[in-house]
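Working notes for the structure below.
No value in this document is a laboratory result; all are computed from the given coordinates. These figures come from a predicted structure and were not determined experimentally. Methodologically, a virtual Cβ is constructed for each residue, glycine included, from the backbone with ideal geometry; neighbour enumeration extends over all protein chains shown.
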Amino acid sequence: MTRPVRVLLAGALTAAVLTAAGPARADTEPIVWGDCPPGTATGERCGTIGAPLDHARPAGPRIRVGVSKVAATGTKAEYRGILAVNFGGPGAAAVGSMAALAGGLPERLRRAYDLIGFDLRGRGTSTRVECTDPETFGRAPRPDPAMPGSRAAHLAATRAFADGCRRSAGELLPHLTTRDIARDLDLVRAAFGAERLSILGYSYGSYLGAVYGQLFPNRVYRMLLDSLVDPTEVWYGTGFLQARGFDARRHDWAAWTAARADRFHLGDTGTAVLATWDRLRGELAAHPAGGVFGGVELDQYTLGKLYTDRDWASMSGPLADYASGDPAALIAGRKPATPDEVNFESVMQTVTCADAPAPADESVFERDMAVLRARHGALGAAIASPGACLYLQSNTAPPTRIDGAGLPGVLLVQSVGDPATPYDGALRMHAALPSSRLLTVRGNGNHGHYLVDGPCVDDRGTAYLVDGALPATDVECTEPAQTDPDPRRSAVVHPHR
């Protein structure tokens, strides 16, 4: 998802129809097969295809888009075609992850689909954008833009990042919209010789799926979108929804931690735990632990852990250690930045900057940080802080309007308490896709459910993808929080985290 400081019965198609190439596209190139990224599990084949830099000029300059495939294991009668997977971001890499994903899938799904990974333009094995270097990106402690004395340093770093984006990939920047990425995905479909494709999209992948369906509704077979982006708030307005969502989840975490006061000793009521968090943040802001873990690092750390209640114990434990005088666990969390992390952040920033206009006035961010700090504390201010889009307005076209015209049935999955893609936004995605059914998850506030939470979601999702069994009406599942989860299941949805 974007800057967290910153998803009917479908008619059965025969295997022959699913793999028929249909009319050839002039801009379609064959896959050039090559090596997979280091660490790729056995069974995944990787390569690239060519794509226009500018889809409005298909005969112009070309870029490369990374792809991969893990073949279906079933019979011809069981085959349902290709399933393209996007794990979110924008910027989660997929090439090199499909074989690992296959190991956690239901057998019926593995037998039915070729799993297709593709890396967004700018990311991974595609033509890349690198806005900075790991040493600069990982420098800590970071200045706090909500504090007047640190604001200039934060803005200088943000401007330097934006300048680096222009140096790295200036010609690519205006063509990093989700529309461009969706058109790349259609070239991926054609390169694999499929008339239609199915999509499994998490978080940002839900928006990519919706945009693809808007542009190419007759090329969608089945589409499961999990943890849903609000298509009416792309992207600046999303931060206001997230600020409220993360604040609510912080209260949930505090109540959970208070119920285990004998283990964590951070407070015996939710209010007391929140007061302890605020106190610890003030201490870290004034005196960063180990000289590297300050207030902004605590904001980032907390936001990351609130995506799923499976991470709550791993947040409360290090905070409890720090509160008792041992900062080692927090300091250990500040590992050196990697080139992959730099590439991820570069794509996240440049795609969101290209997708839709954002404020280009520092005073707007200053105002919004103050408003969200008053409403939602330090995390609210962190989410409203200026990112690269303040200096990197590469495309002023409005985002794609989603109305779902012509789409077959779509299955949507969403938790009521998801902080990164809040439920109100999911309802707007549901309204924008008239052929969709919404599976609402109660009992936890996690981000990402299919293949993670349990049989109520998994069985319905698999029945839809394999059999086309879309629920006749919206449905609900209750999946209790899993604070001691099976790590094999947790790794399926977010292999990039």
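When only alpha-carbon atoms are used, what values of Rg and Dmax, in angstrom, describe segment 87-168?
Final numbers for Rg and Dmax: 18.9, 58 Å.
Lysines within cross-link reach of LYS335: Cα-Cα under 27 Å, excluding same-chain residues under 8 positions apart?
The reachable lysines, counting only those whose Cα sits under 27 Å from LYS335, are LYS305.
Quick one: Karplus J couplings for segment 429-434, per residue in order, coefficients 6.51, -1.76, 1.60, θ = phi - 60°, nearest Hz, x for Gly and Pro?
Computed from phi, the couplings for segment 429-434 are 5, 4, 5, 6, 10, x Hz.
Using the beta-carbon distance between ASP133 and THR473 and R0 = 45 Å, what value does 1/(1 + (r/R0)^6) give for FRET efficiency, to the nearest 0.05?
Using R0 = 45 Å, I get an efficiency of 0.30.
Could you list the square roots of 5 times each eigenvalue of the Cα gyration tensor of segment 334-444, that is, the equivalent ellipsoid semi-axes, sorted largest first and rounded to whole Å?
29, 20, 17
Could you list which residues have their amide H under 5 Å from that of VAL441, counting only those 5 or more apart in sequence or on another chain, with H placed in the peptide plane?
So VAL441 has HN proximity to GLN414, SER415, VAL416, CYS477.
Find the centroid of the Cα atoms in segment 67-88 and in segment 415-440, then give the distance between the two in whole Å.
Each part reduced to its Cα centre gives a spacing of 26 Å.
Using Cα centres only, tell me the gap between segment 243-281 and segment 339-398 in whole Å.
Cα centres, segment 243-281 to segment 339-398: 27 Å.
Please list the three semi-axes, largest first and in whole Å, of the ellipsoid equivalent to segment 377-427, using sqrt of 5 times the eigenvalues of its alpha carbon gyration tensor.
Value: 28, 22, 7 Å, ordered largest first.
Quantify how much of the Cα-Cα distance distribution of the chain extends past 35 Å, in percent.
Numbers: 37323 of 123256 pairs.
When all Cα pairs of the chain are counted, 30 percent exceed 35 Å.
Would you compute, from DSSP H runs of 4+ residues alone, the mean residue ellipticity of the chain at 222 nm, taking -39500 (n - 2.57) per run and dividing by the full residue count, rounded to the nearest 500? Each step should come with its number before you reach the end.
Details: 18 runs with 207 residues, N = 497.
Calculated at 222 nm, the ellipticity per residue is -13000 deg cm²/dmol.
What order do you get for 324-336, 251-263, 193-205, 165-177 when each peptide is scored by the mean count of other beta carbon atoms within 10 Å, highest first?
193-205, 165-177, 251-263, 324-336
Tell me the relative contact order for segment 229-388 as a rounded percent, counting alpha carbon contacts under 8 Å between residues six or more apart.
It comes to 26 percent, rounded to a whole number.
Sequence-distant or interchain residues sharing an amide H contact under 5 Å with ALA41, placed H: which?
The list, which skips near neighbours in sequence, is ALA99, ALA100.
What length, rounded to one decimal in nm, is gained on full extension from ALA360 through to ARG108, with 0.36 nm per residue of separation minus their alpha-carbon distance? Present the calculation step by step, with values, prior to reporting the outcome.
Working: separation 252, 0.36 × 252 = 90.72 nm, distance 4.94 nm.
Gain in length upon complete extension: 85.8 nm.
What list of ³J(HN,Hα) values in whole Hz, one per residue of segment 378-385 in order, does the Karplus curve 6.51 cos²θ - 1.76 cosθ + 1.60 (θ = phi - 60°) give from phi, with Gly and Pro shown as x?
Along segment 378-385, the couplings run 4, 5, x, 5, 4, 5, 8, 5 Hz.
Say R0 is 60 Å: what FRET efficiency, to the nearest 0.05, do GLU341 and ASP403 get from their beta-carbon distance?
For R0 = 60 Å, the calculated efficiency reads 0.95.
Among DSSP bridges having both ends in the chain, what percentage is antiparallel? Round to the nearest 5.
Looking only at bridges with both residues in the chain, the antiparallel portion is about 35 percent.
So if the hydrodynamic radius of segment 214-350 is defined as the Kirkwood radius over C-alpha pairs, what does Stokes-Einstein give as its diffusion coefficient at 37 °C and 0.692 mPa s, in µm² per second?
191 µm²/s
Stretch ALA259-ALA374 to full length: gain in nm at 0.36 nm per residue minus the Cα-Cα span?
The span from ALA259 to ALA374 would gain 38.7 nm if fully extended.
Got a sec to turn the phi values of segment 227-240 into Karplus ³J(HN,Hα) couplings, 6.51 cos²θ - 1.76 cosθ + 1.60 with θ = phi - 60°, whole Hz, x for Gly and Pro?
6, 9, 6, 6, x, 9, 10, 9, 10, 4, x, 4, x, 5
ALA328 to ARG62: extension gain in nm, 0.36 nm per residue of separation minus the Cα-Cα distance?
Gain on extension, ALA328 to ARG62, equals 91.0 nm.
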